[in-house]
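Here's the structure we're looking at; comments come further down.
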Amino acid sequence: MPAGFVTYIHMQNRAFAERVPISYNSRPFFLCGTTMSTTATQAARRHVVRFAGDSGDGIQLQGAQFTNASALAGHDLATLPDFPAEIRAPQGTRYGVSAFQIQFGGDRITTPGDAPEVLIAFNPAALVVNLPHLEPGATIIVDGNAFTAQRLKRADLDSNPLEDGRLDAFRVHAIDVSDLTLEAVKPHGLGAKDSGRCKNFWVLGLVLWMFDQPREPTRRWINRRFAGDESLRDANLAALDAGHAYGETMEIDGTLAQKHVPEAPLAAAEYRTITGAEALALGLVAAGELADIELMFCSYPITPASSLLHHLTGLEEAGVATFQAEDEIAAVCSAIGASFAGKLGVTSSSGPGVALKTEALGLAVATELPLVVVNSQRAGPSTGMPTKTEQSDLYQAVYGRNGDTPIPVVAARSPADTFDTAIEAVRIALRHMTPVFLLTDGYIANASELWPLPDFDSYAAIDTARPAPGSQGAVFERNPATQARVWAAPGDAGYIHRVGGIEKDAQSGNISYDAANHQSMTDLRAKKLAQVADYMPDQTLEQGVMGGLAVVAWGSTYGTIYQAVKDALAEGYSVAHIHLRHINPLPSNLGELLTEFEAVLVPELNTGQLATVLRDRLLVDAIQLNQVNGQPFAVADVKAAIAAHAPRRMQEVNRG
Amino acid sequence: MAELTAKDYATDQEVRWCPGCGDYSILKAVHRALAESGADPANTVFVSGIGCSSRLPYYVETYGFHTIHGRAPAIATGVKLANPELDVWVVTGDGDGLSIGGNHLLHAIRRNVDLNILLFNNEIYGLTKGQYSPTSRIGTASPSSPGGSIDQPIDPAQFALGCGATFIARCVDIDQKALPGILNAGQAHEGTAFVEILQNCIVYNKDVWDDVSSKKTAADAQVLCEHGAPLIFGKARDKGLRLNPRTLSLEAVTIGEDGVTEADILVHDETNPMIAELLVRMRDPLPTAMGVIHRRTQPAFDQAYRARKTLERKTRVKDLLRRGNLLDRR
């Protein structure tokens, strides 16, 4: 194991804290005995592959299959699906290009990688759109059959990139994939259209060969998927094998060498790959089980949030029922109705839909009903870029309501982390009788990672404020530690009451326009939010040293920042990574923790929203690093910002 | 449980409607209906939106939820899907239900959620001080339409019929004889019951229904629809509705005149949506249709929903976690 290499366990805070002692006394998070550059030594341990083609080419399917194969081969991995909003955009156009990037290998992987080592381009548009992602020396595999005059024109190309010299810096393999696929599937008697559609498996076979990955998971998938159609099944299997065999011939003639990727030294556990939307669905169901309460998930389809609705609908055997409402407002309202009736209402959307739900969130705050609102953020404003990721709905979650209407906000940092974040959101909602925002984003929802299965028996049960059966009492009697009222619901004979959005009397719950009462109700709502922090763990460092630069972030930038800070530490910078799960309220110790650093850097995929919250709540003067191009940060960009603002620790040591 | 009287369904809250408001009469009918049906206060829920009508839940001794403008049908749908055992009532008005909340009303009705929806129609916005509403007749002068409104109004019962309602009734606010029975008929209906109540706003649209409901006009201006009975009306019970097959429309005729006999009068069939269509459209000089205009059987959404989505926890999370491509590195 190289020095500077700590653990391969993915990053539930808790699991991490157990393994690695974190110190605030300027002691490094891990030993940095050498100045080894992680990129140099680990280059062979990690690979970045990008598949690109038309949105109808099955690119995302290839990516998912490659991901499974990689996981079963024992590699750690992180993926980035990057696709257009159009379902099947006109073929061969630049705007119709769909891509899937994966970083995998025998190392700890937290990002999909900055620059692909291998680009697979199914057509000229996919090639030119993705060229800017590549560094010189990268391998490019294209379908040579696709570089016809007509298709070049579709891609707005005046000359053929295979011939005009613009690929000189790369290793290019133009393979007649379409012809070779047709030949491979010929014995299975498909029509021309179906035959052509097998080429994604041909290419997958080749790429699996390139990295010595197993074909078995894909074979199993094809057998399941085409169980009802023998010729489709056999043709796709034949294409997969033919692509694989083609790789072997390329090795023989010396044009391509197979790479053997070592297994990642994973900690002992059972692992699976999981996307953010899957883990979030599981987390919500798990929270319901921990609270012994049924969930009503009420939603209206919107990209990129719809996959949560789909996954939860597939989990209806586990104490959840989904309801597709007529609009975003009805979705949140029916969820609130379910919570009023004693089930836990959950709703989900993306920014524009959350905007529509806003008035109803005020009702949930006023009536003190539990509710979880999931926001899978996307680029805005308005419709913005539905399939591109952004972190620009933080203001909306923290501040975006009429009146003084506090709502707790938690954020997930990675696909697997949505599991624990969902449980935390439900815990807060039920403990304090309040709506809770759970922020995730398009990147987390669609990306996947390798996840060590959690030990579910170790999760604490979630208490609710539901009254004991047959009891009677006052609905607005509060728990002084949480400000939760009694969660009485229709059917509870001892608690018949009326509630509404009009200001209510603090004791009786009846309508009250009394001046002093409104003051005390407003104070109470603020106190409820503040008391959420009483149950939150202290903020810790993900890694790094005290005293120099604190990189403070939230959400899906986790993996990139983790890698950038790790690299910077190895190079001797005095830097630490602080990643927030709780944003409203902030962890009680955060203010004090940040005073122990010279500077604070806040990288965000927005124009500086967490930076604003930190200034607002803690009077911290943060340095901002912002990007809003619809893509995750590159590790290199975050590292450059760290280098610009962090002191060199080694120099300090030398001076001392 | 001891038998409850109408009084037992009143709360200790002071009723805050204007003196003389039609809502008082409707509230009284609601209390009476609940007592007559023996409603269990713990399992009855009144959900309302915003507006004068929507204050009603505060005055009914059951569970109540005064929500936000226009959204009562959506919230009530959530309540009913979460617990189909509950009797769920929705109280709304012409502004709340047909303007800001028209979409939710549409979808609650077309899904046929088992809700008893009472729409108080006074053809005006009361709580915002008298602006014209989506049911105001053309020419309604109001603070926001001093020269008279120019919007084409919508008829609530026609709207409900267009949404596929399985129960449509109409009644006047002060009709204490008919209203409790109509409310209970709606409550008993499986699916969405839509009850339009012609309500008098004493401050902003006083006597707007006089042409239909005043003592002087009522007998001739209303026809009470009773399933299986001929559609006869008039002080002397000598007028009736006859179907003109040539124009496919209803016409008012007098029995004994021009050779008209009772056999010529259309017999009400509440299950026939074509008859309902003709009845809800009737306006002066034809009488306004009252009572249960339309009622037919269709499975309620909440029943179908819960048959499929039981909310039972049959699979545990520990098993769900392992559903995937597993890599065992223990």
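First measure r as the distance between the Cβ atoms of residue B:226 and residue A:503, then evaluate 1/(1 + (r/R0)^6) with R0 = 45 Å and state the FRET efficiency to the nearest 0.05.
The calculated FRET efficiency here is 0.45.
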| request: Identify the residues of the stretch A:132-149 with backbone N under 19 Å of a label point that sits 7 angstrom from the Cα of residue A:179 along the Cα-to-Cβ direction, or state none. | output: A:141-149
| Cα→Cβ-extended label distance, 7 Å offset, between residue B:12 and residue B:260, nm | 5.7
| field | For the protein assembly as shown: span of alpha carbons on each principal axis (Å, largest first) | value | 107, 70, 55
| message | Helix A:515-532 against the longest principal axis of chain A: what's the angle in degrees, Cα atoms only, rounded to the nearest 10? | response | 40
| query | Could you name the lysines in cross-link range of residue B:314, using Cα to Cα under 27 Å and dropping any fewer than eight places away on the same chain? | reply | A:343, B:80
| query | Can you tell which of B:25, A:500, A:416 lies farthest toward the positive end of the dipole of the protein assembly as shown, using +1 and -1 charges on the Cβ of basic and acidic side chains (Lys, Arg; Asp, Glu)? | reply | A:416
| In nm, spacing of pseudo-spin labels at residue A:471 and residue B:219 (7 Å Cα→C-beta vector) | 6.1
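How large, in percent, is the carbon and sulfur part of the accessible surface of chain A at a probe radius of 1.4 Å? Don't skip to the end; give the middle numbers.
Values: 11450 of 22800 Å².
Carbon-and-sulfur percentage of accessible area, whole number: 50.
Go through A:119-126, B:37-44 and give me the packing order, highest mean Cβ count within 10 Å leading. Could you put the intermediate results ahead of the total?
Details: A:119-126: 27.5, B:37-44: 17.4.
So the peptides A:119-126, B:37-44, ranked by packing, come out A:119-126, B:37-44.
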| request: Using θ = phi - 60° and the Karplus relation 6.51 cos²θ - 1.76 cosθ + 1.60, list the HN-Hα couplings for the stretch B:17-22 in order, rounded to whole Hz, with x at every Gly or Pro. | output: 8, 5, x, x, 5, x
| task | Send over the Kirkwood Rh of the stretch A:305-395, from the inverse of the averaged 1/r over different Cα pairs, rounded to one decimal Å. | result | 13.7
| For the stretch A:572-626, the Rg and Dmax computed from alpha carbons only, in angstrom | 11.0, 34
| Cα centroid separation, the stretch B:157-186 to the stretch A:104-155 (Å) | 65
| field | Cut-off under 5 Å, modelled amide H: who pairs with residue B:93 long-range | value | B:120
| query | Cα centroids of the stretch A:488-516 and the stretch A:187-261: how far apart, whole angstrom? | reply | 65
| Can you list the equivalent-ellipsoid semi-axes of the stretch A:39-252, largest first and in whole Å, using the square root of 5 times each Cα gyration tensor eigenvalue? | 24, 23, 16
| query | For the stretch B:205-330, what does the equivalent ellipsoid look like in terms of its semi-axes, each the square root of 5 times an eigenvalue of the Cα gyration tensor, given largest first in whole Å? | reply | 57, 18, 12
| query | Quick one: of the DSSP bridges fully inside the stretch A:39-252, what percent are antiparallel, nearest 5? | reply | 55
| message | Rounding to the nearest 10 and keeping the result within 0 to 90°, find how far the Cα-based axis of helix A:558-570 lies from the longest principal axis of chain A. | response | 70
| What does the convex hull of the Cα atoms come to per residue for the stretch A:104-230, in Å³? | 138
| said: Looking at chain A only, what percent of DSSP beta bridges run antiparallel? Nearest 5 please. | reply: 35
| What whole-number value in Å² describes the accessible area per residue of the protein assembly as shown for a 1.4 Å probe? | 37
| residue A:77 long-range amide H proximity, modeled H, under 5 Å | A:109, A:450
| message | Please list, in order along the stretch B:227-243, the HN-Hα scalar couplings obtained from phi with the Karplus expression 6.51 cos²θ - 1.76 cosθ + 1.60 (θ = phi - 60°), rounded to whole Hz, x for Gly and Pro. | response | 4, x, 10, x, 7, 10, 8, x, 3, 8, 6, 10, 10, x, 9, 10, 7
| task | Note the angle between two axes, namely the Cα long axis of helix A:199-210 and the longest principal axis of the Cα atoms of chain A, as a number of degrees from 0 to 90, rounded to the nearest 10. | result | 80
| Using 7 Å Cα-to-Cβ label points, what is the residue A:224/residue A:481 separation (nm, one decimal)? | 4.4
| query | Where does the Debye-calculated log10 I(q)/I(0) of chain B sit at q = 0.07, 0.09, 0.10, 0.11 Å⁻¹, using only Cα point scatterers of equal weight, no solvent? | reply | -0.32, -0.50, -0.60, -0.72
| Can you list residues whose amide H is under 5 Å from residue A:465's amide H, if they're 5+ apart or on another chain and H is modeled 1.01 Å from N? | A:487
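To the nearest 20 Debye, how big is the dipole of chain A about its Cα centre, given +1 on the beta carbon of each Lys and Arg and -1 on that of each Asp and Glu? It would help to have the intermediate numbers written out before the result.
Values: 50 positive and 72 negative charges, 82 e Å.
Around 400 debye, computed over chain A.
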| remark: Whole-Hz Karplus couplings 3J(HN,Hα) for the stretch B:176-193, θ = phi - 60° and coefficients 6.51, -1.76, 1.60, Gly and Pro as x, run 5, 6, 8, 4, x, x, 5, 4, 6, 5, x, 4, 6, 5, 8, x, 6, 9
| note | Counting only protein heavy atoms with a 1.4 Å probe and every protein chain in place, the carbon and sulfur fraction of the accessible surface of chain B in whole percent equals 52
| field | Compactness of the stretch A:272-458 as Cα Rg over 2.2 N^0.38 Å, two decimals | value | 0.92
| Cα-based equivalent ellipsoid of the stretch A:522-594: semi-axis lengths in Å, sorted from largest, via gyration tensor | 29, 12, 8
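Per DSSP helix of 4 or more residues, -39500 (n - 2.57); summed, then divided by the residues of chain B. What does that give at 222 nm, rounded to the nearest 500? Could you put the intermediate results ahead of the total?
Numbers: 10 runs with 83 residues, N = 330.
It comes out at -7000 deg cm²/dmol, rounded to the nearest 500.
When Cβ neighbours within 10 Å are restricted to other protein chains, what is their mean count per residue of peptide B:44-56? Each step should come with its number before you reach the end.
Values: counts 2, 7, 1, 4, 2, 1, 3, 0, 0, 0, 1, 3, 0.
Per residue, the average neighbour count from other chains is 2.
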| remark: Counting only DSSP beta bridges fully inside chain B, the antiparallel percentage to nearest 5 is 35
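The values are calculated or read from the model by the stated rules, or taken from the named source; none is laboratory data. Note that the structure is a prediction, hence the values are computed from the model and not measured. Glycine gets a Cβ as well: all are built from the backbone with ideal geometry, and neighbour counts include every protein chain shown. With ligands, DNA and RNA removed, areas are computed over all heavy atoms of the protein, side chains included. Shrake-Rupley method; radii C 1.70, N 1.55, O 1.52, S 1.80 Å.
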